[in-house]
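Reviewing the structure listed below.
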Amino acid sequence: MDFGSMLDKLKRDAQVASSAPPPPPPPKKRPRTDGGPSAVAAAAPSKSTASAKPCSLSSSKQRSFPTTPVRTVYLVCPPRVQTGGPEAMHQLCHALNTSSTFTGAARMLYLREDDRVGVRHARGVQRLPVYERYDAPAAKGLPGEYEGGDGAFDGHTGDRYSYSSDLVIWPECWTNLIDCEGICRFSNNNRTHQTAIWWLSVDNNNGKFKEWGRDDILHLHQSEYARRYLKDKGAKHTMAMTEYIPDRTGTSTSSNAASAATTSASSELTTTDLQVLYNPLKGIHYTDEIMRRSGRGKDAIEFTPIGGGSVGRSRISPEEVVKMLHRARIYIDFGPHPGMDRLPREAALAGCIVITNSEGAAQYDEDVPIPAEYKIRKFNVDTIHRLLRQSLDDESKTSDFDDYRKWIEGQADRMRKCVDDLVDEIVMKRSGK
């Protein structure tokens with residue numbers, strides 16, 4: 001067969017193929033409610049969710065605020081991650097489960113990102129040992145997956161929609177996933193779970209949340225910085241929800257945990273052989289300028305990064321961080337403060353003098369209530385050097401932070417009050433109590 005004949009044959013075959021009817025679509029898998037595996041096969045986790053499809057509930061911005069009393073609260077969290085945000089989620093789960101006013105159940109909903117459906121449930125994952133101190137069991141399924149299990153639909157209805165008694169609380173860094181197909185797998189157009197966002201920071205959201213006109217979302221704010229941000233954006237339903245510094249020396253979750261951590265570690269570590277600690281991952285360009293000014297000469301100051309390795313870039317455990325803080329005289333933080341950060345609070349509890357800038361949450365005394373002279377509002381290396389030198393030369397300066405330490409130690413009690421207010425909002429008021 002010559003080339004021309006072969007080309008004619010290929011064209012005829014292509015015409016026949018194009019005229020054939022398309023194959024029937026594969027049958028849809030039905031959601032399981034009997035405790036079996038999820039109906040949608042789990043895709044490999046991915047850092048990007050750009051291709052994830054929204055579920056049919058993406059029109060939720062038209063829904064009214066829920067009136068269904070909440071029975072089950074799901075706290076969304078990536079599995080096996082030990083940072084401030086995930087720990088705060090475990091603390092809230094614990095506070096709900098140990099609350100005298102909440103008779104429902106709180107569960108940790110461990111999720112992994114998924115390009116195809118947004119998120120998938122990390123079933124059977126073992127939580128980190130550090131979280132064993134909290135009454136924060138893992139959810140056995142997604143919201144609505146088990147009727148009468150983690151949560152169940154009841155008969156309460158809004159103007160157009162029926163809300164279940166399940167409330168899903170998302171961290172602010174995952175607001176792009178709150179309506180994804182993966183979380184709505186067991187919902188439908190007329191019946192769905194309730195949604196809240198806990199703004200543990202402002203900056204870490206990176207402007208991803210834009211649906212400020214939505215009436216169906218409850219916004220929780222961890223800081224005054226976040227509260228003002230939500231107000232400026234026009235969020236309709238907001239409430240305070242703080243967290244606290246846990247005891248890194250044992251398993252206590254009491255209101256005295258921070259104090260216990262300070263006392264215990266102080267008794268073990270009485271030598272303050274480090275002058276100034278800094279976080280090498282935050283505001284390093286400012287820190288470099290300070291070190292160039294203060295790290296040489298007859299009144300030179302020694303600076304040490306928090307972390308492992310020669311430049312502190314290797315990650316160390318929270319317990320190791322606390323031990324370093326107890327060895328130091330001063331902690332400086334000239335990076336962004338996206339929320340009420342933990343390191344300044346942990347440093348103060350360890351006996352450090354804390355010096356910050358006034359960026360983000362640090363500009364508000366409600367979030368960082370340290371004496372004004374230690375909060376640098378205009379960056380000047382000579383001013384900072386003098387403050388560092390005075391703080392090192394006068395050991396009594398650490399008492400300037402006694403009120404700050406008492407404020408930090410009271411955060412567990414304030415969290416319980418916030419939880420009582422939350423329960424009043426999502427249960428009591430909706431039950432006519």
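The values are calculated or read from the model by the stated rules, or taken from the named source; none is laboratory data. Nothing here was measured: the structure is a model prediction, and the numbers come from that model. Ideal geometry is used to build each Cβ from the backbone, glycine not excepted, and the neighbour counts take in all protein chains shown. Areas reflect the complete protein model, heavy atoms only, side chains present, ligands, DNA and RNA absent. Shrake-Rupley method; radii C 1.70, N 1.55, O 1.52, S 1.80 Å.
Scan region 187-210 residue by residue and report those that are surrounded by fewer than 20 Cβ atoms within 10 Å (Cβ to Cβ) and either closer than 18 Å to Lys417 by Cα or touching a strand residue (DSSP E or B) at 6+ places or on another chain (Cβ under 8 Å) (or both).
Within region 187-210, the first condition is being surrounded by fewer than 20 Cβ atoms within 10 Å (Cβ to Cβ), and the residues that meet it are 188-191, 203-204, 206-208, 210.
Result: Asn190, Arg191.
Among the residues in region 284-292, are any in contact with an Asp or Glu (Cβ under 8 Å, 6 or more places away or on another chain), aliphatic (A, V, I, L, M) and in contact (Cβ under 8 Å) with a residue 24 or more places away in the chain? Can you show your working first?
Here is the first cut: in region 284-292, the ones in contact with an Asp or Glu (Cβ under 8 Å, 6 or more places away or on another chain) are none.
The answer is no, given that none of the residues of region 284-292 is in contact with an Asp or Glu (Cβ under 8 Å, 6 or more places away or on another chain), aliphatic (A, V, I, L, M) and in contact (Cβ under 8 Å) with a residue 24 or more places away in the chain.
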Residues in region 357-397 that are within 29 Å of Asn204 (Cβ to Cβ), open to solvent by 70 Å² or more (accessible area, probe 1.4 Å) and either more than 31 Å from the chain's Cα centre (by Cα) or aliphatic (A, V, I, L, M) (or both): how many?
-> 1
Within region 151-170, tally of residues that are modelled with pLDDT of 50 or more and either under 14 Å from Ala139 (Cβ atoms) or surrounded by 22 or more Cβ atoms within 10 Å (Cβ to Cβ) (or both) = 8
Residue pairs qualifying under the 6 Å Cβ cut-off, at least six apart or on distinct chains, with the first in region 216-238 being on the phi < 0 side of the Ramachandran plot and the second being open to solvent by 30 Å² or more (accessible area, probe 1.4 Å) and charged (D, E, K, R), are His221/Arg227; Glu224/Glu366; Lys236/Asp215
Any idea which of (1) over 17 Å from Asn380 (Cβ atoms); (2) not in a loop (DSSP other than H, G, I, E, B) is the one Leu281 doesn't satisfy?
-> (2)
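Quick check, is Asp400 touching a residue at least 12 places away in the same chain (Cβ under 8 Å), in a helix (DSSP H, G or I), over 21 Å from the mean Cα position of the chain (by Cα) and surrounded by fewer than 21 Cβ atoms within 10 Å (Cβ to Cβ)?
Values: touching a residue at least 12 places away in the same chain (Cβ under 8 Å): yes; in a helix (DSSP H, G or I): yes; over 21 Å from the mean Cα position of the chain (by Cα): yes; surrounded by fewer than 21 Cβ atoms within 10 Å (Cβ to Cβ): yes.
So Asp400 passes the test.
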From the residues in region 260-296 that are of a type in the set (Asp, Glu) and at pLDDT below 95, which one is nearest to Gln390 (Cα to Cα)?
-> Asp273
Of the numbered conditions (1) in a loop (DSSP other than H, G, I, E, B); (2) without any contact (Cβ under 8 Å) to a residue 60 or more places away in the chain; (3) surrounded by 13 or more Cβ atoms within 10 Å (Cβ to Cβ), Gly351 satisfies every one except a single condition; which is it?
-> (2)
For Ala300, work out the one condition from (1) of a type outside the set (S, T, N, Q); (2) at pLDDT 95 or above; (3) in a loop (DSSP other than H, G, I, E, B) it doesn't fulfil.
-> (2)
Mind telling me which of the residues Asp341, Asp299 ends up being acidic (Asp, Glu) and crowded, with 20+ Cβ neighbours inside 10 Å?
-> Asp341
